Amino acid sequence: MSRGIYITANDKVLDQAIALLKSIRLHDPDTPIVLIPYDDNYQAIAKILQDSYGVEIYQDLEFIDRLSNQLYQIFGKGFFARPNQFRKQACWFGAFDQFIYIDTDIVVFDKIIDTTDFLDDYDFICYDYQHSGGIRNVFTPKIIEDGVLDERDIKDIFNGGFWGAKKNLISEEILYKTFAECAAHPEYFDFSQKTSDQPIINYMILKQVPRRFNIVRRAGGAPGSWAGSKHFQIQGHQVIDPNVNQPLQYLHWAGIRIQAGCPYWDIWKYYRYLGEQMPEDESLPPEAQSNFWKKILEKMKLRF
């Protein structure tokens, strides 16, 4: 039984990817990690992640292009703000029997692959409190009014940045069928905040996968994970959720620009520069940081 981690990234999110990979490898040097390229601009980041953290590139890049293009065409050009987010659907058909998918705007605080232990009893797992905020950024009330989903389903809404499942749980046929259903009823989905994949993935899992589990419902409770939560407490390089008196297993800056002054900036900065000379915040304005890495990446691309 193979277990592994998928991420999506391109050269523009190098800093975030480094922070994520350093946090993973600090606690887990061995679990295989596969990069699903977010677009065609990934050669430089792939080289860095492979050389420094043992990250491999998804083997069948032609399949990713075919899959994402087919899904994109179902809704039509211009419908989604970030259609490339759907490339992560290649997870279902990759090398791992059990996997977790992790967005790059996340850092982890333990051996996060162990969350797949829950897949011994379930087919799909998530680990967040997205459901506590209601249906916003996922569905509109009409999906309940029309009886497409019920209140029990709504309680299982999850964030699309961290989830796990089993290989081939979702087939290509189910993917295309689900997207066609969603395209026929755009009034059921909340795209007002320019979300792309989250409403569709939620609909697919809630309709197709009854054996699902949100880890926050485990016995004894579980901590939150969103960096927009103000009640977390920092103890050294650990983050504690006082509501359950437990350390976080990961922290997700969903919808938050990671820069000096953002929530839990010192935590992200610690992992980004782990093993390096820690720079002063004043030397890291977003524009300068972006230009610095842009120059490095451009130089590296000349080698390919």
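The values are calculated or read from the model by the stated rules, or taken from the named source; none is laboratory data. On a predicted model such as this, the values are computed, not experimentally measured, just so you know. Cβ sites come from the backbone with ideal geometry, for glycine too, and all protein chains shown count toward neighbours.
See the values below:
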| quantity | calculated |
| --- | --- |
| Test for Ile205: is it more than 30 Å from Asp121 (Cα to Cα) and either assigned to a strand (DSSP E or B) or at pLDDT 95 or above (or both) | no |
| Out of Lys177, Lys142, Lys155, sole residue that is surrounded by fewer than 20 Cβ atoms within 10 Å (Cβ to Cβ), under 21 Å from Ile125 (Cβ atoms) and either touching a residue at least 24 places away in the same chain (Cβ under 8 Å) or not hydrophobic (A, V, I, L, M, F, W, C) (or both) | Lys155 |
| Selection status of Arg3, basic (Lys, Arg), at pLDDT 95 or above and over 30 Å from Ala260 (Cα atoms) | yes |
| Test set (1) under 19 Å from Thr8 (Cβ atoms); (2) charged (D, E, K, R); (3) exposed (fewer than 15 other Cβ atoms within 10 Å of the Cβ) - Asp197 fails condition number | (3) |
| Unique residue being closer than 30 Å to Gly275 by Cα and out of contact with any strand residue (DSSP E or B) (no Cβ under 8 Å at 6 or more places or on another chain) when the list is Asp51, Asp128, Asp105 | Asp51 |
| Long-range neighbours under 7 Å by Cβ, at least six apart or interchain, first residue in contact (Cβ under 8 Å) with a residue 40 or more places away in the chain within region 233-254, second loosely packed, with under 14 Cβ neighbours inside 10 Å and part of a strand (DSSP E or B) | Pro247/Gln238 |
| Search result, residues across region 210-266 that are charged (D, E, K, R) and more than 19 Å from the chain's Cα centre (by Cα) | Arg211, Arg217, Arg218, Lys230, Asp241, Asp266 |
| Phe158, sole failed condition from (1) under 25 Å from Tyr72 (Cβ atoms); (2) at pLDDT 95 or above; (3) in contact with a Ser or Thr (Cβ under 8 Å, 6 or more places away or on another chain) | (3) |
